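Here the structure comes first, spelled out in structure tokens, and everything after it is commentary.
All of the numbers you see were taken from the coordinates with simple rules; none came from a lab. Remember, it's a predicted structure, so these values are computed and weren't measured experimentally. All Cβ positions, even for glycine, are placed from backbone atoms using ideal geometry, and neighbour counts span all protein chains on display.
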Amino acid sequence: MQISEIHQWLNERNPDKLATLWQRADDCRRQHIGDTVLLRGLVEVSNICRRQCTYCGIRAGNHTLTRYRLSRHEILACAKLAADFGFGTVVLQAGEDLGLTADFVADVVQAIKEETGRAVTLSLGERDEADLRLWRKAGADRYLLRFETSNQELFQKIHPPLPLSTDNFGVRDRISMLRMLREIGYEIGSGVMEGIPGQTLEDLARDIFLFGKLQLDMIGCGPFLPHPDTPLGRDAAVSPNPMLSDTELPYKVIALSRLVCPRANIPSTTAIATIDPAEGRKRGLSRGANVIMPNLTPIQYRTLYSIYPNKAASRETADETVATALRHLRELQRPPENG
Ligand code: 5AD
């Protein structure tokens, strides 16, 4: 699919035409993946972050937030919970927290693999090649790093470089990091936010085209949700991106992602469940998605991983979150799968 065609679909507002897009994406998903939905357990291991991303509630500059980092014991308990639920994968996500040292993460990954036999996905931000290699050696299978937007100038604005750093980690660097991760032997996942102030539909069309070029193994996207304790959240409260008036946009992105990467694992994300708690998850799964990532973070930490406000499931126990996910699958008549 060319950028222009993707762009045209992103602009499309005619419900009959859109129905054909949903159908194409759903057919493509069924043909390449089947009807099963992968359940993957998400563990938010630390909300400590050295970065100052202007959109994100756990940015270093947000001094209103209580910070936490799970212990080895707590992380392993979450991984065992995932295994008990029958999930095939544990996803360890955190802010860019150097307190999660290379050795600590390697040890935890190895322990999860030994004690549960599950696949491990890491999503720990921009880390050194040596760390990424060590974790791969320890048994980590996949790495998630969203490039957030392929618009280089916009990315620099929302993702300032580290202080005292001579490199200015731009979107190109995230993309080269993704390529490096694949070379090291990881499956790679990425994604973007929709409706960042200053982002255009053309930018978004380029993002989706890039998913296809990178042949991503996993693609996770969701709408930008303004956080009041962030610079971009305050700007957006005054002048939101007009593209967010299109409530179908997140589903268009899922459907088009499916068409450019037919075999990718595409979650119906928490951000989508947040904007439409009743139907969002299910709508995503009917329009190209095939993964749900129930949050298994211990309840006392959940509200602290506040990358955006009113995050879905932030006041639930793991049992409740998983029960909701399974109910959604029953309603859709889609069987859960371990993977
Ligand atoms: N709104 C929506 N998504 C956000 N993320 C971070 N902050 C926000 C926000 N305010 C997303 C980013 C990041 C992922 C973990 O969460 O895309 O990569």
Checklist entry - In segment 276-321, what residues are under 21 Å from Ser257 (Cα atoms), within 17 Å of the chain's Cα centre (by Cα) and polar (S, T, N, Q)? => result Asn290
Checklist entry - From the list Arg287, Arg283, which residue is more than 16 Å from the ligand (Cβ to nearest atom) and closer than 18 Å to Ala205 by Cβ? => result Arg287
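Let's see how each residue does on (1) farther than 24 Å from Pro267 by Cα; (2) β-branched (Val, Ile, Thr); (3) in contact with an Asp or Glu (Cβ under 8 Å, 6 or more places away or on another chain):
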site	(1), (2), (3)
Thr149	no, yes, yes
Leu154	yes, no, yes
Phe209	no, no, no
Leu216	no, no, no
Pro223	no, no, yes
Checklist outcome for this item: Considering residues that are within 13 Å of the ligand (Cβ to nearest atom) and of a type in the set (Val, Ile, Thr), the number found within segment 111-160 is 3
Checklist entry - With respect to the numbered conditions (1) without any contact (Cβ under 8 Å) to a residue 60 or more places away in the chain; (2) not in a loop (DSSP other than H, G, I, E, B), which one is the sole condition not fulfilled by Met193? => result (1)
Checklist entry - Consider Glu331 against the criteria (1) touching a residue at least 40 places away in the same chain (Cβ under 8 Å); (2) within 16 Å of the ligand (Cβ to nearest atom): it satisfies all of them except one. Which criterion is unmet? => result (2)
Checklist entry - Does segment 227-236 contain at least one residue that is more than 12 Å from the ligand (Cβ to nearest atom) and in contact with a helix residue (DSSP H, G or I) (Cβ under 6 Å, 6 or more places away or on another chain)? => result no
Item to check | Qualifying positions in segment 46-102 - part of a helix (DSSP H, G or I) and within 16 Å of the ligand (Cβ to nearest atom) | outcome: none
Item to check | Among (1) assigned to a helix (DSSP H, G or I); (2) surrounded by 21 or more Cβ atoms within 10 Å (Cβ to Cβ); (3) polar (S, T, N, Q) - the single one Gln156 does not satisfy | outcome: (2)
Checklist outcome for this item: When segment 32-50 is checked residue by residue, the ones that are touching a residue at least 40 places away in the same chain (Cβ under 8 Å), of a type outside the set (A, V, I, L, M) and surrounded by fewer than 20 Cβ atoms within 10 Å (Cβ to Cβ) are His32, Asp35, Thr36, Arg50
